[in-house]
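This report refers to the structure that appears directly beneath it.
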Amino acid sequence: MKKITKIAVIYSATRKTDKALFRVNEIIESSNSEVILSTNIKKLNSEITKKASKAELILVLGGDGTMIGSIRNLHSLNVPFLGINSGTVGFLTDLSLSKIEKLKDILQGYYLKESRPVFEAYSSIRKKEIFLNEVVIHSGSVTKMLDLEISLKDQVIYNLKADGLIISSSTGSTAYSYSGGGPIISPKLDAISLLPMFSHSSSSHSLLLSDKEEVTVKIKNKNLNSTQIFVDGKKNLKYTNKGLKVSNTKKTFKLYHPKDYNYFEACRTKLGWAVSIEHLKQD
């Protein structure tokens, strides 16, 4: 693998990252590499994006929120991302602060590459939002239920009454969807999941579909004033009578992982699954 010499550093706006930043800078300098950009995620703008485009790696310090925000803003640069976790779960951030020394090997070219899909959601072609994790359509009230019709192209495949629906990518399957009882989807699978939220029917279960499908969700309720649509945890879409459409943009974002990275080991350690795979090997 190629040695990494130019690094852009994006760090959390809310978490304390001073000590981690100091150590990161030491490691980068000792590796004969250079930081061409170091900025708080809230300060991202067109000028900073232009500087980041010259990097060989975008190093993100923070939790999954900082990582997702960085990727959403900068994935089009086609520069790979690596996360250092200063948050809690940090499923997308591979390196914990206690394992930050692994950055040395990564900068020397010892890393694994991975590409993951970017999706988009829209109810009006005038406003499209990309997402990495999930899009959630919700009634906006704990006492109100949505009457939903789900279609693939022009074919209705599913009708349900529920508080809402979570449409999750494989990346997002360990996030909000997982909290709601949704399936974990290996990133090697080209799939998305549809998970009803508090369905009125006991026969309503999560549904796995090819991530190449365009999904349309229509609401049959007459009063839609309280309906909310959240994209990667933020309320930024308004429902229209054309329905909510979700599709694969056919674009990807790139991740670098340490050489010893194992997706299911990350599931075990970060989601609290029993003992580690390495521990089982030793036994």
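Throughout, read-outs are computed from the coordinates displayed, never taken from laboratory work. Computed from a predicted model, the values in this text were never measured in an experiment. All Cβ positions, glycine included, derive from the backbone under ideal geometry; neighbour counts span all protein chains shown.
General observations
- The alpha-carbon of Lys188 sits under 16 angstrom from the alpha-carbons of these aspartates and glutamates, leaving out residues fewer than 8 places away in its chain: Glu114, Asp211, Glu265.
- Overall, region 1-156 carries a charge dipole of about 420 debye about its Cα centre when +1 sits on the Cβ of Lys and Arg and -1 on the Cβ of Asp and Glu, all other atoms neutral.
- Prolate/oblate/rounded label for region 119-250 (Cα gyration tensor, a/c 1.5): rounded
- Dipole magnitude (debye, nearest 20) for region 33-124, charges at Cβ of Lys, Arg, Asp, Glu: 180 debye
- Calculated P(r) tail over 23 Å for the chain, as whole % of Cα pairs: 56 percent
- On full extension, the segment bounded by Lys220 and Val156 gains 21.7 nm, given 0.36 nm per residue less the C-alpha separation.
- Under Karplus coefficients 6.51, -1.76 and 1.60, residue-wise ³J(HN,Hα) of region 177-194 in Hz, glycine/proline x: 4, 4, 5, x, x, x, x, 7, 10, 4, x, 7, 8, 8, 9, 10, 10, 10
- Distance between the modelled labels on Lys212 and Ser186, one decimal in nanometres: 1.9 nm (7 Å Cα→Cβ projection).
- Above-threshold pairs, the threshold being 22 Å between Cα atoms, out of Lys161/Lys222; Lys128/Lys251; Lys128/Lys234; Lys104/Lys250; Lys2/Lys104: Lys104/Lys250
- Whole-number percent relative contact order across the chain, with pairs defined as alpha carbons under 8 Å at least 6 apart: 19 percent
- Options Ala52, Gln155, Tyr263, ranked by Cα towards positive dipole end of the chain, top entry (Cβ charges): Ala52
- Peptides 40-48, 183-191, 214-222 ordered by average Cβ neighbours within 10 Å, highest first: 214-222, 183-191, 40-48
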